[in-house]
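The values are calculated or read from the model by the stated rules, or taken from the named source; none is laboratory data. Every value quoted in this text rests on a predicted model; they were computed, and no experiment measured them. Neighbour counts are summed over all protein chains in view; Cβ atoms, including those assigned to glycine, are modelled from backbone coordinates with ideal geometry. When the accessible area is computed, the model is the full protein with side chains, heavy atoms only, and any ligands, DNA or RNA have been set aside. Shrake-Rupley method; radii C 1.70, N 1.55, O 1.52, S 1.80 Å.
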Amino acid sequence: MDCIFCKIVNKEIPADFLFESDKLVAFADIKPKAPIHILIVTKEHIVSIKELQDASLTAEMVMAAKKLAEEKKMEGYKLAFNVGRAGGQEVDHLHLHLMGGFN
Ligand code: 5GP
Ligand code: ZN
């Protein structure tokens, strides 16, 4: 499967993991839209929120983002899931945007 985030998760493309758990990894966005822009990405290839049946994975993603924001001493931050092409999603592999460092 030609999925850029699967390749990063599987270390076929090098990336510095800022966080890792059994289900998730996090790394810096290649084209940051904030002073600090981190992507929290599922290890499993799940296309988007549309495929989920409950909130458990997204809850873990939000808590991972919170932990990273605290580590990076972010005063405040934005969290975003883009869902589907019409929702601005470009990479079809579930991820949460953590954007901060505005302070
Ligand atoms: P989306 O628009 O799908 O919600 O967000 C995808 C994000 O992935 C974009 O912000 C884009 O800059 C980032 N991105 C795309 N390709 C790569 C890559 O190869 N490495 C990293 N680190 N980020 C990427
Ligand atoms: Zn994938």
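Rounded to the nearest Hz, the phi-derived 3J(HN,Hα) couplings of region 54-70 under the Karplus curve 6.51 cos²θ - 1.76 cosθ + 1.60 (θ = phi - 60°) are 8, 8, 4, 5, 5, 5, 5, 5, 5, 5, 5, 4, 4, 4, 5, 4, 5, where x marks glycine and proline. The GluC sites (Glu not before Pro) of region 16-85 that DSSP puts in a loop, and whose beta carbon has at most 15 other beta carbons within 10 Å, are Glu44, Glu75.
In sequence order, region 35-50 has phi-based couplings of x, 10, 9, 10, 10, 9, 10, 6, 5, 7, 6, 10, 5, 6, 3, 4 Hz under the Karplus curve 6.51 cos²θ - 1.76 cosθ + 1.60, θ = phi - 60°, and Gly or Pro positions carry x. Between Asp16 and Asp92, full extension at 0.36 nm per residue minus the direct alpha carbon distance yields a gain of 25.3 nm.
The aspartates and glutamates whose alpha-carbon is closer than 12 Å to the alpha-carbon of Lys66, local same-chain residues fewer than 8 away aside, are Glu75. Applying both filters, DSSP loop and at most 12 other Cβ atoms within 10 Å, to the chymotrypsin sites (Phe, Trp or Tyr not before Pro) of region 5-103 gives Phe102. When a/c is below 1.5 the answer is rounded, else prolate if a/b is larger than b/c, else oblate, so apply that to the chain with a ≥ b ≥ c taken from the square roots of the Cα gyration tensor eigenvalues. It comes out rounded by the Cα gyration axes.
Solvent-accessible area per residue in the chain equals 60 Å², computed with a 1.4 angstrom probe and all protein chains kept. Shown in residue order for region 4-12 are the 3J(HN,Hα) couplings computed by the Karplus curve 6.51 cos²θ - 1.76 cosθ + 1.60 at θ = phi - 60°: 4, 6, 4, 5, 5, 4, 7, 6, 6 Hz (x for Gly and Pro).
Database remark: amide H of Lys43 closer than 5 angstrom to the amide H of Leu24, Val25 (H placed geometrically; neighbours at sequence offset of 5 or more, or on other chains; Pro and chain starts carry no H). Our summary gives the chain a relative contact order of 32 percent, counting only alpha carbon pairs under 8 angstrom and 6 or more residues apart. When a 1.4 Å probe is rolled over the protein heavy atoms, the share of accessible surface on region 4-100 that falls to carbon and sulfur comes to 54 percent.
Rounded, prolate or oblate for region 60-103? Axes are the square roots of the Cα gyration tensor eigenvalues, ordered a ≥ b ≥ c, and the cut-off for rounded is a/c under 1.5. Taking the square roots of the gyration eigenvalues as a ≥ b ≥ c, region 60-103 is prolate. So how far apart, in nm, are the two label points at Lys50 and Glu70 if each is 7 Å from Cα heading toward Cβ? Distance between the two pseudo-spin positions: 3.5 nm.
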